[in-house]
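Worksheet: the structure to be examined is printed underneath.
The values are calculated or read from the model by the stated rules, or taken from the named source; none is laboratory data. These numbers come from a predicted model, not from an experiment. Cβ placement follows ideal geometry from the backbone for every residue including glycine, while neighbour counts extend to all protein chains displayed.
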Amino acid sequence: MKARLKGERGNVVVVVAAAMSVFMLLAALVLDFGRVWLHASHLQAAADAAALAGAGTVSVRVEVDRDGNIYSQTIILDPDTSRAEALEVLNRNIQAMGLGDLGVVVTDKEVTVSGLRVSVGVRGTVPMYVLPAFGESYATLPMRKMAAAEFIP
């Protein structure tokens, strides 16, 4: 029986080494996907702020008669002004969050204005650190975030 135990000596080291490598890989993947989630939430916050800023450019056209009495009020959302304000706030937030310095590449920005509603869409990619070991197609992960704001009188 003693001879049999001598042959199994050191098995614990092999099992621990294998388990540690699996745990290290899982930890690295968790960090990679955690970064993606964090940067995606930053892009969502930037899109939300841009949509609110675009919807905040409403103006009211008031028509009065000769006596100074108001007879008409119209809420107006100028598409060009709203689009320009939304894009400016979006760009400012992306820069302020330092997403470009963190490797996030914004590939597309779109702002649409319909009635009193402003919609903002942002697309980008986030670099991965561990997943590229499994193939080139995993070097970056795409993400798309949308936000909308509407002025309700």
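Quick look at the values:
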| quantity | calculated |
| --- | --- |
| Positions within the range 114-123 being in contact (Cβ under 8 Å) with a residue 60 or more places away in the chain and either surrounded by fewer than 13 Cβ atoms within 10 Å (Cβ to Cβ) or assigned to a strand (DSSP E or B) (or both), in sequence order | ARG117, VAL118, SER119, VAL120, GLY121, VAL122 |
| Criterion (at pLDDT 85 or above, closer than 12 Å to ALA47 by Cα and either out of contact with any Phe, Trp or Tyr (no Cβ under 8 Å at 6 or more places or on another chain) or of a type in the set (Gly, Ala, Ser) (or both)) met by exactly one of VAL122, VAL104, VAL113 | VAL122 |
| Residue count for the range 9-37, restricted to those that are basic (Lys, Arg) and touching a residue at least 12 places away in the same chain (Cβ under 8 Å) | 1 |
| Some residue of the range 2-14 being on the phi < 0 side of the Ramachandran plot, assigned to a helix (DSSP H, G or I), touching a helix residue (DSSP H, G or I) at 6+ places or on another chain (Cβ under 8 Å) and of a type in the set (Val, Ile, Thr) | no |
| Neighbours by Cβ (under 6 Å, 6+ apart or cross-chain): first from the range 52-80, closer than 18 Å to ILE152 by Cβ; second assigned to a helix (DSSP H, G or I) and not β-branched (Val, Ile, Thr) | ALA53/GLU85; ALA53/ALA86; GLY54/SER82; GLY54/GLU85; GLY54/ALA86; THR57/SER82; THR57/GLU85 |
| Options GLY103, GLY121; residue that is over 14 Å from ALA51 (Cβ atoms) and among the small types (Gly, Ala, Ser) | GLY103 |
| Out of ASP48, ASP32, sole residue that is in contact with a Phe, Trp or Tyr (Cβ under 9 Å, 6 or more places away or on another chain), under 30 Å from MET128 (Cα atoms) and assigned to a helix (DSSP H, G or I) | ASP32 |
| Selection within the range 92-108 - surrounded by 15 or more Cβ atoms within 10 Å (Cβ to Cβ) and of a type in the set (S, T, N, Q) | ASN93 |
| Within the range 112-150, tally of residues that are more than 30 Å from ASP80 (Cβ to Cβ), of a type outside the set (Ser, Thr, Tyr) and touching a Gly at 6+ places or on another chain (Cβ under 9 Å) | 2 |
| Residues satisfying the stated conditions in the range 51-63, i.e. assigned to a loop (DSSP other than H, G, I, E, B) and either modelled with pLDDT of 90 or more or under 13 Å from MET146 (Cβ atoms) (or both) | GLY56, THR57 |
| Pick from the range 129-153, criterion of a type in the set (D, E, K, R) and either at pLDDT 90 or above or assigned to a strand (DSSP E or B) (or both), ranking: farthest from PRO79 (Cα to Cα) | ARG144 |
| Test set (1) at pLDDT below 90; (2) under 33 Å from the mean Cα position of the chain (by Cα) - ASN11 fails condition number | (2) |
| Sole residue being of a type outside the set (Lys, Arg), surrounded by 16 or more Cβ atoms within 10 Å (Cβ to Cβ) and assigned to a helix (DSSP H, G or I), chosen from VAL126, VAL89, VAL111 | VAL89 |
